[in-house]
Each structure stands twice: as C-alpha cells, then as structure tokens.
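Below is one structure, written out as structure tokens, with a few remarks after it.
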Amino acid sequence: MTTHRTPHDAPAIEATGLTRTFRAKNATVTAVDGLDLTVRTGEMVAFLGPNGAGKSTTLRMLTTLLPPTSGAARIGGFDVAREGRRVRGVIGYVGQGNGAGHWHHGRDELVGQARAHGMTTAQARARVDELTDALELDGVLDRKVATLSGGQRRRLDVALGLMHAPDVLFLDEPSTGLDPQNRANMQEQIRRMHRDSGATVVLTTHYLEEADALAERVVVIDHGRVIADDSARALKSGLGDRVTLDVASGDAPAVAARLAALAGHAPERSRDGRTLHARVPDGRAHVARLLADLAADGIVADGVTVVAPTLDDVFLSLTGRSLRDGARAASGSSPRLEEVAA
Amino acid sequence: MTTPTIRVTARSTRHGRAGGRLPADITRVMVRELKPVLREPVSVFMAMVQPLVFLALFAPLLPDSGGGMSSLQWFVPGMVAMTALVGATITGSNLTEEITSGSHERLLVSPISRSALLIGRALKEIVPMLVQTLIIVALCAPFGFAVHPLGIVAGVVVLALFAVGVGSLSYALALAAEGQEWLFWTVQQTLLFPVLLLAGVLLPLDGAPRWLRWMSEANPLTHIVRAERALFDGRFPAVTVAWAVAAAAGVLVAGLAVGLRSMQSAGR
C-alpha cells in the first residue's frame, strides 16, 4: 500500500501509454494503443470517435472493468489496476446497458447503490428525492424496471451513476437509443448536473452534435489513439469555413485564383468546372470582400454558400473518413486532403 | 419556477465507509437478490415444476415399501433434493440476464467486493430452497408422508450447503458464458439429468450394473439423497449422514472456489 497519497491534488484522470489488446482467432487486435490523457478536476470531456475506435474500451479500463494490457491510469490519484476498490469509491459509471436490474424496482436499486457507497439509508432516501426531481423520475421508481420506457430507464441509469455524488462520472453513450426529444432532455440534464455538482464528467458519443453541445473539451479517438484534443470551437476554427462559389465556367480560373489566395491552397472544382470549394480560415469575414474583388474583375457569382465546419469535418480532415455512416464518406471519390491549420 | 438542482449532499459522507466490509456487502447483495423473489413469490415454483409433476404422476406408480410405509417416505426426499438442485443450477440465469442488461456491470463498478457479489448471490439460494422444501412436505403430508421435524431440519442444513455450492457453480457458468443464454442453458440441461438419475432420485440403483453403481457413488448427490431419506424418516445413521455432510461440504468448497475465481477475474 502506498502511503501519504494526496488524491485531491492529483488530476481527475491521468492515463499514460494506456494499451489494451484482445486476442481474436490467432490475431492480436489492439483496441487502445498507447493512449495518453490528462483530465483536470471539474472538466467535462467528450470522447468522440466512430464505433470500434476504442472509446468504450478506454472507459472500461478507467472504470476498472478491464485491466490494461500495458500502460497505467490513475483516477483521483488511485491506480486503476492496483487500487481498483478505491477507484470505484470515487467514480460513477453509466454504462451502455441498464444499471438497474430488470426485475428490481428503481428505488431499491438507487438506495442499494447509495448504501454500497457508505451512505446511510436516510441520506440515500433524501438523495433519491433530489434526483427524482432533477431527472424527472416521478412515478418511475416503484415499478419493475422491465416495464419502463427506454427514456425512463436511461434516466434511472444516470440517477444510479449520480446517487453517491461521484468525483468523476463516466457516461458511455448516454443518449444512444433515445429519440431526439429524450436525447435533448438528457443532454440538458447532464449539463445541469455538471454545472451544479462540479464533478469531472467524461462521456463517449458518436453523436457529433452531442459532443459539440456538451463538452468543453473534445478528445477525438481513432484506432485507439487520441488524434485531436481541444475545445470543439478550437478544433473547428483551425479548419476554416467551407466556401462554395457557383460561377460561369469561363470565369472559373480567375475565381479559383482569388479563392486560392484566400484559402492558401487550390480550390476543388466540380466535374463541370462551375462549382469551386475551398476551406477558408474565417471564411464568413472574407467572403464579402471576395465577392467585391470578383465584381471589380467583372465577375458575378451565381451562388455563394459559406458553411461553418462541424466536428465531422474535423474528423474527416484528420482521418480522411467521415464519422457519419454512409453518404458523405462513400460519395467522396478520393479522401479530401484538407489541412487543419496548425 | 425553479429548476431542480443536482446538489452534492452525498459528497461529505461518501468517504466514510464505502463498501469493503465483507459481511455487510454479502448481506446487501443477498437482500438485493431476494427482493424480486419476495415481490413475486410465485417464482419459487419455477424450480418445482418437474418435481411436482413427478410427485403427482410418478410417485403413485411406486410399490409401497414393507411395513405399510408409504412409498412417499422414500420418494419425497429425492424430490426435495431434486428441487434444490434444479433451483441452484438455474439460478445463474439471473446473472446471465444481468450481464446482458448491464446491471451486473454497474455492480462491478461499485465498491461492493467481488467476493460479496458471488457469496451473497449463492447464499440467497437457501431461502427459496427452504420454502420449496416446506411446500413439498406440506403437500405430501396428507398422503401418508410422515413428518419428522428434527430430521427435516437436519436434512435441510445438508441441502443448504449443497445448494450454495451448486449455486456458485451456476454463477461461474453464467460468467463463463458471458451472458450467452443458450450456452448457459445447454450446459445446465446437459449436466442436470445425469446427476439426478445417477443419484437415484427416481429409481434406486441397487440392481444397476457395477459401472453404473460406481458412477453413482462418485456423484455427491447420491450420498446426500441417501442421507436425506434417512433424515426425513427421522433416523440419524452416523456414517450415512457423515458421508452426506462431506459430499455437500465438498461441493460447497469447490463451488465457492470456482465461483470466486470467476467473479474475481471479472475486471479488477
């Protein structure tokens, strides 16, 4: 046993070289590959990445469900591999499944969870009342969990994770499987919980909007590695706005030259040569000037669009693949090689 | 209108005693397991369906043993043992379900010790087993089954050791099957009937060929059923009972060892 630990001075989460491999049919699959990460106390961080990127495996290691193959991680100063019990004392975990047993009543499960964390029954009951209000669990807790709707069960899952007011809360795809209305509610509840409790929150998601809306910090994970780590705004602003101009084909070379000057790279052209795209840093501010310059050259564009980048664009620019399934990833004939400004 | 806030009232108390005391953890797990049983007591009949069918349709075919003793006196203890065995072997299916749904994972991330998650579940088996035994005895008493309370108590104690051990094995199976129900049920069904038939719960193996008798003697349940028949009849033959206690204790120790190892290796 290590003595004189001062967990509360330690970062909420500290992972170095965290690695997990699985053996599958004579092949070794590396799910998490030397992941380094530090999360300060009180931060709200989203792990964003496609399915199979290693987000959940990372979470399972951080929550002591899976021992790392190599590397180390500490939660509040406690080592996940050697001090699992102490880690479990300070974290809350909302997994992808349902935390409450289907044959149980939500209230029993909530009180049991609190008791397991050393709260008295009276404290547990008071806490249940608080969470009933905050998570709209009225009329939900005294029924068999199997009879609840998906949204009700998910709110109960989150309540289970919050019962003991953990220092660090892990949420594995909290809103997956919810309809848009319930998803929006869930996000609002997570935001409020983070604001009011001051807990450190880590959530995984493959919903871009969710990462964008919730997290102060987005950690993009692909092939088990952190490939970007910044605020959503910073990640996107590095990319520039996507400026699209529709012009007469005769004007295209002149327009392309102007656009290239702004973007710092040659624009892409559509097959008919009449549509030009480029990522322009701070494009919204520059486009009026661009149009004025073109007008001075005697060129009038048929159409202009300026689209702010999304986190999907960030992911695309980092990996050449889209996070969204299907359409966009498939339609790009070749990976678009747009640089993220450094 | 005020927005409900999620305060942190629990924080100050949390660092007191978060899990870790084994007896308290075991009790907590056991109580959690019993809640659904208490809410829906009908569930104790699950393990009794087959034994009750045998009692109703098979027992009447048995010839009365000599001295005007009802054949039930011989048959009932076997059915009690069968009920205990069926109940304890199917109990892992609850865990299979909880592995699939995610609630087992939630418990693994709580401060409750891994050992308590297994022991608490296994000990819970005693409660339905007691209720089931009482139901069978109550149902058979009017039909000539002589009730010897002291013997029944002794018999139940032996069966409890056995049921907790078998229950642990059933949970180990559920953990090994990683929540795949078909795998759990295939193994459970494959093992259940040979163990039951070899123990002679339906027919005595006295006239069996030697190889079959050897297999029967190697079956812990055989020794338990033999002792249960004596005990339920109000007799306490020392050697028979000692063999049964040894067999039940052996199953208990082996079951807990395997079960605890499986549960410990579920994360760390």
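Of the residues B:Ile126, B:Ile119, which is within 15 Å of the chain's Cα centre (by Cα) and without any contact (Cβ under 8 Å) to a residue 60 or more places away in the chain?
Working: B:Ile119 fails: without any contact (Cβ under 8 Å) to a residue 60 or more places away in the chain.
None of the other options fit; the residue is B:Ile126.
Looking only at residues that are surrounded by fewer than 15 Cβ atoms within 10 Å (Cβ to Cβ) and assigned to a loop (DSSP other than H, G, I, E, B) in region A:126-140, which one is farthest from the other protein chains (Cβ to nearest Cβ)?
Across region A:126-140, the extreme among qualifying residues is A:Gly139.
What helices (runs of 4 or more DSSP H) completely inside region A:178-252 contain at least 3 residues that are in contact (Cβ under 8 Å) with a residue 24 or more places away in the chain and hydrophobic (A, V, I, L, M, F, W, C)?
Details: elements: A:180-197, A:208-214, A:232-237.
Here the list reads A:180-197, A:208-214.
Identify the single condition in (1) crowded, with 16+ Cβ neighbours inside 10 Å; (2) in contact with a Gly (Cβ under 7 Å, 6 or more places away or on another chain); (3) within 11 Å of chain B (Cβ to nearest Cβ) that A:Met193 does not satisfy, given that it satisfies every other one.
Exception for A:Met193: condition (2).
Tally up the residues in region A:113-122 that are of a type in the set (D, E, K, R) and either outside any helix (DSSP H, G or I) or more than 7 Å from chain B (Cβ to nearest Cβ) (or both), please.
Looking only at region A:113-122, we keep the residues that are of a type in the set (D, E, K, R), and these are A:115.
After this cut, where a residue has to be either outside any helix (DSSP H, G or I) or more than 7 Å from chain B (Cβ to nearest Cβ) (or both) as well, the list is none.
Residues flagged as of a type in the set (D, E, K, R) and either outside any helix (DSSP H, G or I) or more than 7 Å from chain B (Cβ to nearest Cβ) (or both) within region A:113-122 amount to 0.
For region A:160-180, which positions are more than 20 Å from the chain's Cα centre (by Cα) and over 20 Å from A:Ala12 (Cα atoms)?
Answer for region A:160-180, where residues must be more than 20 Å from the chain's Cα centre (by Cα) and over 20 Å from A:Ala12 (Cα atoms): just A:Leu160.
Being assigned to a helix (DSSP H, G or I), within 29 Å of the chain's Cα centre (by Cα), more than 11 Å from every other protein chain (Cβ to nearest Cβ) and more than 19 Å from B:Ser110 (Cα to Cα) is the filter here, so list the residues in region A:141-159 that pass it.
A:Gly150, A:Gly151, A:Gln152 - these are the residues of region A:141-159 that are assigned to a helix (DSSP H, G or I), within 29 Å of the chain's Cα centre (by Cα), more than 11 Å from every other protein chain (Cβ to nearest Cβ) and more than 19 Å from B:Ser110 (Cα to Cα).
Conditions tested, residue by residue: (1) assigned to a helix (DSSP H, G or I); (2) under 26 Å from A:Gly139 (Cβ atoms); (3) out of contact with any Phe, Trp or Tyr (no Cβ under 9 Å at 6 or more places or on another chain); (4) of a type in the set (Val, Ile, Thr).
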{"residue": "A:Arg60", "(1), (2), (3), (4)": "yes, no, yes, no"}
{"residue": "A:Ala72", "(1), (2), (3), (4)": "no, no, yes, no"}
{"residue": "A:Arg82", "(1), (2), (3), (4)": "no, no, yes, no"}
{"residue": "A:Gly92", "(1), (2), (3), (4)": "no, yes, no, no"}
{"residue": "A:Gly99", "(1), (2), (3), (4)": "no, yes, no, no"}
{"residue": "A:Trp103", "(1), (2), (3), (4)": "no, yes, yes, no"}
{"residue": "A:Arg107", "(1), (2), (3), (4)": "yes, yes, yes, no"}
{"residue": "A:Val111", "(1), (2), (3), (4)": "yes, yes, yes, yes"}
{"residue": "A:Ala124", "(1), (2), (3), (4)": "yes, yes, yes, no"}
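Okay, residues lined up against (1) more than 14 Å from chain A (Cβ to nearest Cβ); (2) in a helix (DSSP H, G or I); (3) closer than 19 Å to B:Leu159 by Cα; (4) among the acidic types (Asp, Glu):
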residue: B:Trp74; (1), (2), (3), (4): yes, yes, yes, no
residue: B:Thr83; (1), (2), (3), (4): yes, yes, yes, no
residue: B:Gly87; (1), (2), (3), (4): yes, yes, yes, no
residue: B:Asn94; (1), (2), (3), (4): no, yes, no, no
residue: B:Glu105; (1), (2), (3), (4): no, yes, no, yes
residue: B:Ser110; (1), (2), (3), (4): no, no, no, no
residue: B:Ser115; (1), (2), (3), (4): no, yes, no, no
residue: B:Gly120; (1), (2), (3), (4): no, yes, yes, no
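Each reported figure results from applying straightforward, stated rules to the coordinates on display, with no laboratory input. Given the structure is predicted, the values throughout are model-derived calculations rather than measurements. Neighbour counts run over all protein chains shown; Cβ positions are idealised from the backbone, glycine included.
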